[in-house]
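Have a look at the structure below before the remarks.
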Amino acid sequence: MPSICVRVFLGLAGLVLLPSCSTGPYFVAKHEPWRAKEEQACLASGVVRETPYIRSRSALGGPSACGAERPFEMAAAHRGRVRLKPAALLRCSMIPQVDRWVATVIEPAARRNFGASIAEITVAASYACRPMNNKVGGNLSEHGHANALDVSGFVLSDGQRITVKQGWQGNWGERAFLRAVHDGACAQFSTVLGPDYDSNHHDHFHVDLMRRGRYGERRVCK
Ligand SMILES: [Zn+2]
């Protein structure tokens, strides 16, 4: 994994990070006080409880713009019935949304289309301190705030494996399942991007809770 080399400047545009060494990705991060407030409110609400599969981790990020105050390692959703592999590192507000997505959208879609339940979700990425789409000089990705999850596939209880890459244009059942999973995510997350959005997302669904619009009312579902 490449190291992040940044210098921090506070300017009118907010926090700007520039490279302090010749290699490694760098990014621009805005000053966004809502993030810490939202995380603290989520933690105080008790909506996320520690279980054998949802464990609290120490703070991520340190002196850079990345991270979260008290992230969680989510190894399973839907009361431990559906594994996340590998476990996802996510900030507080992501946990209940991922859980609801699995329980109310993914699991019913699997039963409807395959007559099986979901055993495992393949996590392509969660926390990563990097620019959007790994483009040097781009805005810091929601992954950098542990506020995003990339899902590339699903394993059913009968062992069948469905991937976004193959299944998006796969057989009727795979296509119906993956579109239901994608469209259903739009009720739980403020950003949902899939293969129809661009080639960067040809093999996974990206979901995040970026605050869009003045009151967080805007959504992107593509
Ligand atoms: Zn992503």
Open item on the list: With the structure loaded, tell me whether Ser190 is modelled with pLDDT of 95 or more and touching a helix residue (DSSP H, G or I) at 6+ places or on another chain (Cβ under 6 Å) or whether it fails that test.
Closed with: no
Task: The lone exception for Ser117 - which of (1) within 21 Å of Gly80 (Cα to Cα); (2) under 14 Å from the mean Cα position of the chain (by Cα); (3) surrounded by fewer than 22 Cβ atoms within 10 Å (Cβ to Cβ); (4) among the hydroxyl-bearing types (Ser, Thr, Tyr) it fails - done: (2)
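How many residues are among the hydroxyl-bearing types (Ser, Thr, Tyr) and either under 21 Å from Ala128 (Cβ atoms) or within 17 Å of the chain's Cα centre (by Cα) (or both) when one looks only at region 42-61? Working first, answer last.
Residues of region 42-61 that are among the hydroxyl-bearing types (Ser, Thr, Tyr), as a first pass: 45, 51, 53, 56, 58.
Narrowing the set further to residues that are either under 21 Å from Ala128 (Cβ atoms) or within 17 Å of the chain's Cα centre (by Cα) (or both) leaves 56, 58.
The total comes to 2.
Quick grid of which residues meet (1) within 13 Å of the ligand (Cβ to nearest atom); (2) of a type in the set (Ser, Thr, Tyr); (3) in contact with a helix residue (DSSP H, G or I) (Cβ under 9 Å, 6 or more places away or on another chain); (4) in contact (Cβ under 8 Å) with a residue 12 or more places away in the chain:
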{"position": "Ala77", "(1), (2), (3), (4)": "no, no, yes, yes"}
{"position": "Gly80", "(1), (2), (3), (4)": "no, no, no, yes"}
{"position": "Leu84", "(1), (2), (3), (4)": "no, no, yes, yes"}
{"position": "Ala103", "(1), (2), (3), (4)": "no, no, no, yes"}
{"position": "Ala109", "(1), (2), (3), (4)": "no, no, yes, yes"}
{"position": "Gly115", "(1), (2), (3), (4)": "no, no, no, no"}
{"position": "Leu140", "(1), (2), (3), (4)": "yes, no, yes, yes"}
{"position": "Asp158", "(1), (2), (3), (4)": "no, no, yes, yes"}
- [ ] Specify the residue that is surrounded by the most Cβ atoms within 10 Å (Cβ to Cβ); the eligible residues are those in region 120-138 that are away from the ligand (no atom under 12 Å from the Cβ) and farther than 12 Å from Phe27 by Cα.
- [x] Ile121
Open item on the list: For the list (1) in contact with a helix residue (DSSP H, G or I) (Cβ under 8 Å, 6 or more places away or on another chain); (2) on the phi < 0 side of the Ramachandran plot, I need the number of the one condition that Ala146 fails.
Closed with: (2)
TODO: Looking only at region 74-85, decide whether some residue is crowded, with 20+ Cβ neighbours inside 10 Å, among the small types (Gly, Ala, Ser) and more than 12 Å from the chain's Cα centre (by Cα).
DONE: yes
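The values are calculated or read from the model by the stated rules, or taken from the named source; none is laboratory data. Values in this document were obtained by computation on a predicted structure and should not be read as measured data. Heads up, the Cβs are rebuilt from the backbone with ideal geometry, glycines too, and the neighbour counts pull from every protein chain shown.
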